[in-house]
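Here the structure is laid out as structure tokens; the discussion comes afterwards.
The values are calculated or read from the model by the stated rules, or taken from the named source; none is laboratory data. Predicted, not measured: the structure shown is a model, and the values here were computed from it. Cβ: placed from backbone, ideal geometry, glycine included. Neighbour counts: every protein chain shown. With ligands, DNA and RNA removed, areas are computed over all heavy atoms of the protein, side chains included. Shrake-Rupley method; radii C 1.70, N 1.55, O 1.52, S 1.80 Å.
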Amino acid sequence: MVDEILSRTDDILATAQLGLDDMLSTDRTRRMSGLRNLIVFGRSVTFTLQNLSSKAEGFDEWYSAEQEVMKADSLMKYFLNLRNEILKQGKLNVSTSAHISAFSTEDIKKFPKPRNAVAFFVGDQIGGTGWEVELPDGSKEKYYVTLPSSIGTVKQTFADMPQEKFPALEGRSVEDLSSEYLEKLSALVNRAKIQFGTNVRPAGRPHLTLVK
């Protein structure tokens, strides 16, 4: 039963990590849904792990010490706040900034231009770059491309972060903070496996249970 709970915890962690994969995907339309999944399922990792409370001897004492560490960790506290805002208010705010090193009309010509493209944009609300394409009904859709670092960079940060509460996180990108958050969750799961599991498998990139 203990190994079954640890395996379920692995599966939840894998889902959170798929959220990070979506964030880093070249398909920018998956970015915000990926971030939401990372935050929500990341929090579910600790919920699932706590099912060991009545199954593994000594778990409550062990987890109490782990909780104290997480409570003192500004990154873990901030992601808990984000999860609560998503579930209670449906809110997840990020801000986008673009730094252009060198860009000209000649650079624009290097990007594949789809038919009926009407404008080129850099750094939209999901951090993407590409073309606005006019559809037959007059509406517009975005066609995303990859912005080379030689031309510029686009950075997204969490908006409305209380800097006085989380000074160590100020200015760090969404990707940077999200990656570190998942690393800490993976380390927590690995410690639980070492402490309580009988079939230990590292949780760096956890396995997914296949449904047959």
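A few notes on this one:
- The condition of being assigned to a strand (DSSP E or B), open to solvent by 50 Å² or more (accessible area, probe 1.4 Å) and modelled with pLDDT of 90 or more holds for only one of GLU141, GLU183, GLU132, that being GLU132.
- Qualifying residue in the stretch 85-92 (condition: under 26 Å from LEU6 (Cβ atoms), at pLDDT below 95 and out of contact with any Leu (no Cβ under 8 Å at 6 or more places or on another chain)): yes
- Any hit, the stretch 95-106, residues being within 19 Å of GLU180 (Cα to Cα), assigned to a loop (DSSP other than H, G, I, E, B) and out of contact with any Leu (no Cβ under 6 Å at 6 or more places or on another chain): no
- Residues being within 30 Å of LEU82 (Cβ to Cβ), under 18 Å from the mean Cα position of the chain (by Cα) and either open to solvent by 90 Å² or more (accessible area, probe 1.4 Å) or among the acidic types (Asp, Glu) (or both) are represented in the stretch 155-170 by at least one member.
- For the stretch 156-178, residues that are at pLDDT 90 or above and of a type in the set (A, V, I, L, M, F, W, C) total 4.
- For the stretch 45-59, the count of residues that are among the basic types (Lys, Arg) and assigned to a helix (DSSP H, G or I) is zero.
- Residue check, SER33 open to solvent by less than 70 Å² (accessible area, probe 1.4 Å) and closer than 23 Å to LYS142 by Cβ: yes
- Residue in the stretch 11-24 that is part of a helix (DSSP H, G or I), more than 15 Å from the chain's Cα centre (by Cα), modelled with pLDDT of 90 or more and over 19 Å from SER179 (Cβ atoms) present: yes
- Within the stretch 174-185, residues that are on the phi > 0 side of the Ramachandran plot and without any contact (Cβ under 8 Å) to a residue 60 or more places away in the chain have Cβ atoms under 6 Å from residues that are buried (at least 16 other Cβ atoms within 10 Å of the Cβ) and of a type outside the set (Gly, Ala, Ser) in no pair, counting only partners at least 6 apart in sequence or on another chain.
- Cβ-Cβ under 6 Å pairs, at least 6 apart or on other chains, the stretch 51-80 side within 18 Å of ILE194 (Cα to Cα), far side not in a helix (DSSP H, G or I): LYS55/MET1
- Restricting attention to the stretch 70-103, the residues that are out of contact with any strand residue (DSSP E or B) (no Cβ under 6 Å at 6 or more places or on another chain), among the small types (Gly, Ala, Ser) and open to solvent by 50 Å² or more (accessible area, probe 1.4 Å) total 2.
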